[in-house]
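**Student:** Below you will find the structure I want to go over with you.
The values are calculated or read from the model by the stated rules, or taken from the named source; none is laboratory data. Source: prediction; values computed, not measured. Side chains are part of the model used for accessible areas, which takes the heavy atoms of the whole protein and leaves out ligands, DNA and RNA. Shrake-Rupley method; radii C 1.70, N 1.55, O 1.52, S 1.80 Å.
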Amino acid sequence: MVRKRMKHLTKVSDLTKEECEKIINKSIEIKANKEKYYSALSYNTLLMVFEKPSLRTRVSFETGMMQMGGHAIFYSLKDSPLGKKENIHDMAKCVSRYVDLIAARVFKRQDIWELAKHAEVPVINMLDDNAHPCQILCDFQTIKEKKGQLDDLKLSYFGDAYNNVTYDLMRMSAIFGIKMDVACPEGKKYSPELEVMDEISDLSRKSGAEVRVIHEAMEAARDADIIYTDSWMSYGIPFDKEEERKKIFMPFQVTSNIITAAKNDVIFMNCLPAMRGYEQTAEVIDGSRSVVFDQAENRLHIQKAIMLFLLNKF
Ligand code: CP
Ligand code: NVA
């Protein structure tokens, strides 16, 4: 018997386009047939390690695992000897003897890589400073459901572009060969890292995607099928930076004018948590083009598909 290679999900570009499609299609199928999967992961355990806060990711993974007959353990790094009396290598080796999957939300990408290097079970990145693959797979499922397809689209992102969610949205747009405009303030602190831009160029060369970083919000809004924004105050950004950041990002706030400048059937997305009056106005997030709660719901279905995929169950 040929054993399949163990896979980790550290960023969306760990997957091919075909694998992304496979996971998205499975999630759509699970959403319509939840009962069919009630024992799909019975006696399986997911360890969820958290170094930063979460609502959606924690609750959707925990519920998803329970609905497939498995068990999820919430483990806060506040309660852990990690970094003090223990290193990631030893942690990865120990927990691999207990659980079937390890998911982690950490500050530094190097910690996810280290975990994936030493774990003997699949590792899922639940958000670091480089990627948020579970979110972006969910987002593309939502786009497919709302637009009927994933080709020939323009996705426009507004705001903080030195940002995990932005990076994986750019990678995914590049993988799928669609157009993406990233509208952000000028300067290294607010724009994608060079290393990410290089990866996007490589992926786009293969797919024919056009991913641009620009500094004019109205230009990005034009002809957009999807308008997306993320927090100006990502987890871990000190609160004393709030006023300064608000001023810097305000020209990239998603307002009704931005929505009006896009296509008539544009959808508005935000991975959440969201702050009204910051990255978007209340009118936009609570308005008729907003799909943020359908998007949030899909976290539950996609988590199930991701776990089944990594455990080679389809
Ligand atoms: N979108 C998202 O990951 O939300 P949480 O931070 O609440 O998990
Ligand atoms: N960029 C945000 C995403 C939250 C889901 C953060 O890192 O906090």
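**Student:** For the range 275-289, just list the computed ³J(HN,Hα) in residue order, Karplus coefficients 6.51, -1.76 and 1.60, θ = phi - 60°, integers in Hz, with x standing in for Gly and Pro.
**Tutor:** Result, ordered by residue: 10, 5, x, 10, 5, 8, 7, 4, 4, 6, 5, 9, x, 6, 8 Hz.
**Student:** Which three extents, in angstrom, do the Cα atoms of the range 54-94 have along their principal axes, listed largest first?
**Tutor:** 35, 21, 12
**Student:** Volume per residue, Å³, of the convex hull around the alpha-carbon atoms of the range 63-149?
**Tutor:** 125
**Student:** At q = 0.12 Å⁻¹, what is the base-10 log of I(q)/I(0) for the range 136-257 according to the Debye formula with one equal point scatterer per Cα and no solvent? Please give it to two decimals.
**Tutor:** Values returned for q = 0.12 Å⁻¹ are -0.42.
**Student:** What whole-number value in cubic angstrom gives the convex hull volume per residue for the C-alpha atoms of the range 89-204? Display every interim value, and only then the final one.
**Tutor:** Numbers: hull volume 13.1 nm³, N = 116.
Cα convex hull per residue, to the nearest whole number: 113 Å³.
**Student:** A further question follows. Select from THR229, THR281, THR166 the residue whose mean-square fluctuation is largest in a Gaussian network model of the chain (Cα-Cα springs shorter than 10 Å).
**Tutor:** Evaluated over the chain, the most mobile residue of the options is THR281.
**Student:** Is the range 164-234 rounded, prolate or oblate when judged by the Cα gyration tensor, a ≥ b ≥ c being the square roots of its eigenvalues, rounded requiring a/c under 1.5 and prolate requiring a/b larger than b/c?
**Tutor:** oblate
**Student:** Would you mind checking which residues have amide H under 5 Å from MET180's amide H? H placed 1.01 Å from N; only 5 or more apart, or other chain.
**Tutor:** LEU155, GLU210, VAL211, ARG212
**Student:** Would you pull out the residues with amide H under 5 Å of ILE267's amide H, same chain only if 5 or more places away, H placed 1.01 Å from N?
**Tutor:** Under 5 Å from the amide H of ILE267: ILE226, ILE227.
**Student:** While we're here: Based on the alpha-carbon gyration tensor of the range 243-301, what equivalent-ellipsoid semi-axes (square roots of 5 times the eigenvalues) come out, in whole Å, largest first?
**Tutor:** 21, 16, 8
**Student:** Further, regarding this structure: Averaged per residue, what accessible area in Å² does the chain show with a 1.4 Å probe, protein chains only?
**Tutor:** Result: 45 Å² of accessible area for each residue.
**Student:** Let me ask something else about it. Between the range 71-106 and the range 138-193, what is the C-alpha centre distance in whole Å?
**Tutor:** Computed from Cα coordinates, the inter-centre distance equals 31 Å.
**Student:** Carbon and sulfur: what percent of the range 15-158's accessible surface (1.4 Å probe)?
**Tutor:** 52
**Student:** 222 nm [θ] for the chain, helices only, -39500 (n - 2.57) per DSSP H run of 4+, per residue, to 500?
**Tutor:** For the chain, the value works out to -12500 deg cm²/dmol.
**Student:** Let me check I have the definition right: for the chain, take the eigenvalues of the Cα gyration tensor, multiply each by 5, take square roots. What are those semi-axes in whole Å, largest first?
**Tutor:** 31, 22, 18
**Student:** Shifting gears a bit: Across bins of 5 angstrom width beginning at 0, how are the C-alpha pair distances of the range 183-223 distributed, in whole percent?
**Tutor:** 5, 22, 24, 21, 20, 7
**Student:** How large, in percent, is the carbon and sulfur part of the accessible surface of the range 178-282 at a probe radius of 1.4 Å?
**Tutor:** Working: 2760 of 5240 Å².
Solvent-exposed carbon and sulfur of the range 178-282 make up 53 percent of the total.
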